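Nothing in this text is a laboratory measurement; each read-out follows from the coordinates by a stated rule. Owing to the predicted nature of the structure, the values given are computational and were not obtained by experimental measurement. Counting neighbours? That spans all protein chains shown, and the Cβs are built from the backbone with ideal geometry, glycine included.
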Amino acid sequence: MSAAAKPADTLAGVIEAMQALNTPDKAFIDGQWRASHSGRTFDNYSSRDGGLINRIAACDAADVDAAVASARAAFEDRRWRGLAPKQRKTVLRRFAELMEDHAETLALLECLDTGKPISNTRGFDIGAAINTTRYYAEALDKIYGEVAPTPEDRLSYVVHEPLGVIGAIVPWNFPLHMAMWKVAPALAMGNSVVLKPAENSSMSALYAAQLAVEAGLPAGVWNVVPGLGAEAGDALAHHMDVDMITFTGSGPVGRQLMRASADSNLKRVSLELGGKSPQIVFADCDDLDQAAANAAWGVFYNQGQVCTAASRLLVEASIKDAFVEKVADIARNIKVGDPFDPATQFGAMISQRQMNTALDYIEKGIAEGGRVVAGGRRVLGDTGGYYVGPTLLDDITPDNVLAQEEVFGPVLSVLTFEDEAEAYRIANGTVFGLAAGVWTGNVSRAMRAVKALQAGLVWVNGWDACDITSPFGGVKQSGFGRDRSLHALYKYADLKAISISYKV
Ligand code: NAD
């Protein structure tokens, strides 16, 4: 790596380091920085103040072809999958160490790129990406095959083989973290990867990919092609030499990816899509203060731009008014501000477009009967940044647009129920099924809820109470892929069944 890529720990230092490396306007293909084939770039704006940060390479089909060819060559000559597991493990562990050495740079880059608070990128995002990489590094030499029961003149066994070239397409809400949920297990299994980061947040993945090469990952095994979804993403999805697309993002794009697979080479598709996740608070909850804190932070964390955001709050009628007041009090006291201020708890939304989407949804929700209890409007507008205050709306009915559609912003909708059956009916009454939460002191009720709720993740008396060790993904139109845990590792492998006959 060049001297310019030494870890930088100030914002000015990070910008200087990125400029010196000249990475943002290049793709990372075959272990090298390359301008897009067409020479085109697109502008990358700061959500903190609306200013231009830099220009990013606008890769298209020609660049994707080059990246896939590089990934395929690396797969065919076995420069990565052919290494002994302990060698691959050493490289991925070293990569995690390098990310740790550069954690402050990566945290500043993500804060700059996304507008999320620096306390979050320092305290969560980058550490989670590193932890994910370590988890799969440690897992890769614990993958065993099977021996089938056979007659004695035959040995039949089953092995897990890497799929080949994996196309990973990720969103902007947790840029490096989401990328590593896919890249780390895919690499651990011995695959090659072509990653397409989201338009608004390409920098940390570009930065990390060169660290991986420095750690010893052979050139071509992990390529990064920044670009627009309709160009670079679409080219990856339609590519005839990509074996799988692993995706996190919106439902409409997920549908396009399945169509692209059907129209090309029937590549596998793994989809993790949106949600409209409910938290249900029963009157018998033991700790209503804790439930209120989770109701607020379950949706306001990351400015509500979380696929599992607990955007529907279902409260039992007898405690509704008092409980809503507790949540509103938290919402009103959240410190909204400059993402680079370490005291900021809640920063800017990713883009003007996303901010306007949230504001439009609030307006529609009000028009359909919702009542604003906290927030409800743009704040800090004089900065030029894209800030929407933590918003709480009461009187939302199950057919209100805010009870049905994903906002992907800091908007919490309160619905009321009278009994358990009604609570589950409302909770399950959307097209989504990503996460669901229940607050109750009654263990039998908790167990009934766990069975009744249609969701890939269910949390009782806690929210987001899980980590890399549990699978993450949804049911219904929240998709069907699973990230995290050993289940995600096996997703990037095929089973090969082998039988050897011999004379006894
Ligand atoms: P998006 O679907 O617009 O974009 C996601 C990625 O897909 C980006 O990299 C984008 O460039 C790419 N893309 C866009 N159009 C494409 C096309 N035609 N072909 C190929 N790729 C294309 O979503 P977003 O706005 O980045 O993220 C927000 C959405 O993602 C929300 O709906 C949210 O719920 C969902 N999300 C889900 C999870 C999860 O784990 N289930 C996690 C984070 C975000």
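Could you grab the relative contact order for segment 278-465? Cα pairs under 8 Å, six or more apart, rounded to a whole percent.
Details: 363 pairs, mean separation 51.3, N = 188.
Reported relative contact order: 27 percent.
So between Ala12 and Leu155, what do we pick up on full extension, going 0.36 nm a residue minus the alpha carbon distance?
45.2 nm
Let me see the pair-distance distribution of segment 278-465: every alpha carbon pair, 10 Å bin width, integer percents in order.
Distribution as computed: 10, 40, 35, 13, 2, 0 percent.
Roughly what % of DSSP beta bridges within the chain run antiparallel, to the nearest 5?
Of the beta bridges lying entirely in the chain, close to 40 percent run antiparallel.
Can you pull the one-decimal nm distance between simple spin-label points at Asp284 and Asp65, each 7 Å off the Cα toward Cβ?
My value for the distance between the label points is 6.6 nm.
Taking neighbour counts of Cβ atoms within 10 Å as a proxy for exposure, in what order, fewest first, do Thr308, Thr357 appear?
Thr357, Thr308
For the chain, take the convex hull of the Cα atoms, compute a quarter of its surface area, and give me that in nm², please.
24.9 nm²
Run the helix sum for the chain: -39,500 (n - 2.57) per DSSP H stretch of 4+ residues, divided by residue count, reported at 222 nm to the nearest 500 deg cm²/dmol.
My calculation for the chain gives -11500 deg cm²/dmol from helical runs alone.
Once both labels are modelled 7 Å past Cα along the beta-carbon direction, what's the Ser250-Glu100 spacing in nm?
Going by the 7 Å Cα→Cβ label model, 3.9 nm.
As a test, work out the antiparallel percent of DSSP beta bridges whose residues both lie in segment 305-455, rounded to the nearest 5.
Taking every DSSP beta bridge with both residues in segment 305-455, the antiparallel ones total about 35 percent.
Would you work out which of Ala310, Val299, Leu453 lies farthest towards the positive end of the dipole of the chain? Charges go on Cβ: Lys and Arg +1, Asp and Glu -1.
Leu453
Relative to the present Cα-Cα distance, how much length would full extension add between Thr383 and Glu422 at 0.36 nm per residue of separation?
Full extension of this stretch gives 9.6 nm more.
What number comes out for the charge environment of Asp263, summing +1 per Lys or Arg and -1 per Asp or Glu over other residues with Cβ under 14 Å away?
Here the charged neighbours net out to +2.
Starting from the 7 Å offset along Cα-to-Cβ, what nm value, one decimal, do you get for the label separation of Ala343 and Thr90?
Result for the modelled spin labels: 4.9 nm.
Could you work out the relative contact order of the chain, using alpha carbon pairs under 8 angstrom and six or more residues apart, expressed as a whole percent?
Dividing the mean separation by the residue count of the chain yields 17 percent.
Beta carbons within 10 angstrom, averaged per residue: use that to sort the peptides 78-88, 44-54, 108-118, highest first.
108-118, 44-54, 78-88
Exceeding 18 Å between C-alpha atoms, which entries from my cross-link table qualify? They are Lys89/Lys267; Lys267/Lys491; Lys89/Lys182; Lys276/Lys476.
Lys89/Lys267
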